[in-house]
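Okay, structure first, notes after.
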Amino acid sequence: MLQNKAIWNEVKDYLFITLGLMLYTFGWTVFLLPYKIVTGGVTGIAAIIYYASGIPISATYFIINLALLFAALKVLGLKFMVKTIYAIFMLSLLLWVAQEVMTSSDGHLLQMLGPGNVFMSMVIGCCFTGSALAIVFLHNGSTGGTDIVAAIVNKYHNLSLGTVLIFVDILIIGSSLPVFGRDSGYEIGLRIMVTGLCAMMIENFVLDYVMNARRESVQFLIFSRKYEEIAFAIGTKLNHGVTILDGHGWYTGNEMKVLCILARKNESANIFRLIKIIDPNAFVSQSAVIGVYGEGFDTIKVKVTDKHADELHRHIMQQKLEEYKTQVEQQNHKDS
């Protein structure tokens, strides 16, 4: 049973990764590439090379990512790398097919929204690409390139993926200025670079929004005489942990039990449904929490070194020594 569940989870990851790659390809080749909107990442580098030399973006994307796979193998593990290799091959294929489809007979890329609609194409395209990257990341995948760098940093530090990608992408987008400035004039090149920076901000905002919406957590405080039934139902049917707190009513003076539950926001409807079935008159408080770390939730990503551990150990020993000295002085004072 557990093995079948693990297999299904892997299959589900690959299905969603494929869906994310298809959305990314659609947003990139239909809305961004034809309007010379350069975003960050390896696709941004590939786009700059494409406009400078005519080399297909799929070829450049594939070659650059091969050099980055070794970092994924060493730091993120084989499981992450297998999905990354799959994503790189699949996205390279999808980009090649999409670019062929979007190229007209005269060799120019088709502009689906018509000429001059750069801003609208940027917004729509970045919504697609940002959502697509979030889908891929949420299912333990990566599109390669700078995503690998972001995933490595995110593994060890409590920095959002969008924040990490911004720093890398600024350098990539800035490199588009000499390419487009040389061919079209530096005024137009500067305009394209600024548009790329705006696209980067929108894409990473959408990425963080989708990621955080999926990981957002809530806290329930449930006051009910049927607290045992509610706790049993939530613990067994939803397979969720429940903490029972001792409560004391100030006005009534009655003792009562309070259920405390930390859950994902998308689990709220099921929890409310169970509460309403068991005790429609239960008093329930739901509040959003900034972060939940531990089993079943996010991992603590603060970097801890031997220096931090030694400082804490010395601090604890010093406090215990001072407490001991205080107790000895008090005892000597009593004896005298």
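The values are calculated or read from the model by the stated rules, or taken from the named source; none is laboratory data. The structure presented is a predicted model; accordingly, all values stated were derived computationally and were not measured. Using ideal geometry, Cβ is built from the backbone for each residue, glycine included, and neighbour counts are taken over all protein chains shown. Surface areas here come from the heavy atoms of the whole protein model, side chains and all, with no ligands, DNA or RNA. Shrake-Rupley method; radii C 1.70, N 1.55, O 1.52, S 1.80 Å.
Rolling a 1.4 Å probe over the heavy atoms of the protein chains gives the range 178-276 an accessible area of 62 Å² per residue. Treating r as the C-beta distance of GLU255 and LEU93 and R0 as 56 Å, the FRET efficiency rounds to 0.30. Among the listed pairs LYS5/LYS265; LYS5/LYS257; LYS5/LYS276; LYS12/LYS265; LYS237/LYS257; LYS36/LYS83, which have their C-alpha atoms separated by more than 32 angstrom in this model? The pairs that break the limit, which is 32 Å between Cα atoms, are LYS5/LYS257. Each label was represented as a point 7 Å from its Cα along the Cα-to-Cβ direction; for MET112 and LYS276 these points are 3.9 nm apart.
Surface composition of the range 1-137: carbon and sulfur make up 75 percent of the accessible area, probe 1.4 Å.
The HN-Hα couplings worked out from phi for the range 89-99 by the Karplus form 6.51 cos²θ - 1.76 cosθ + 1.60 (θ = phi - 60°) are 5, 5, 5, 4, 5, 5, 5, 5, 5, 5, 5 Hz, whole numbers, x standing for Gly and Pro.
Classify the range 204-285 from the C-alpha gyration tensor, please: rounded if a/c falls under 1.5, else prolate or oblate depending on whether a/b exceeds b/c.
Details: a/c = 2.72, a/b = 1.94, b/c = 1.41.
Because a/c hits 1.5 or more and a/b exceeds b/c, the range 204-285 counts as prolate.
Compute the length gained on full extension between ALA269 and TYR209: take 0.36 nm times their separation in residues and subtract their Cα-Cα distance, giving the result in nm to one decimal. Write down the numbers at each step before the final one.
Details: separation 60, 0.36 × 60 = 21.60 nm, distance 2.08 nm.
That pair, ALA269 and TYR209, stretches by 19.5 nm at full extension.
The packing ranking of peptides 191-204, 211-224, highest mean first, is 191-204, 211-224, where packing means the average number of other beta carbon atoms within 10 angstrom of each residue. Can you tell me the FRET efficiency between LEU238 and PHE167 if r is taken as the Cβ-Cβ distance and R0 is 45 Å, rounded to the nearest 0.05? The calculated FRET efficiency here is 0.70.
Computed from backbone phi with θ = phi - 60° and the Karplus coefficients 6.51, -1.76 and 1.60, the 3J(HN,Hα) list for the range 105-122 is 5, 8, x, 9, 6, 6, 9, 5, 8, x, x, x, 8, 5, 5, 5, 5, 5 Hz; x is used for glycine and proline. Whole-Hz Karplus values for the range 269-280 come out as 4, 5, 5, 4, 5, 5, 4, 5, 5, 7, 9, x Hz, taken residue by residue from phi with 6.51 cos²θ - 1.76 cosθ + 1.60 and θ = phi - 60°; glycine and proline positions read x.
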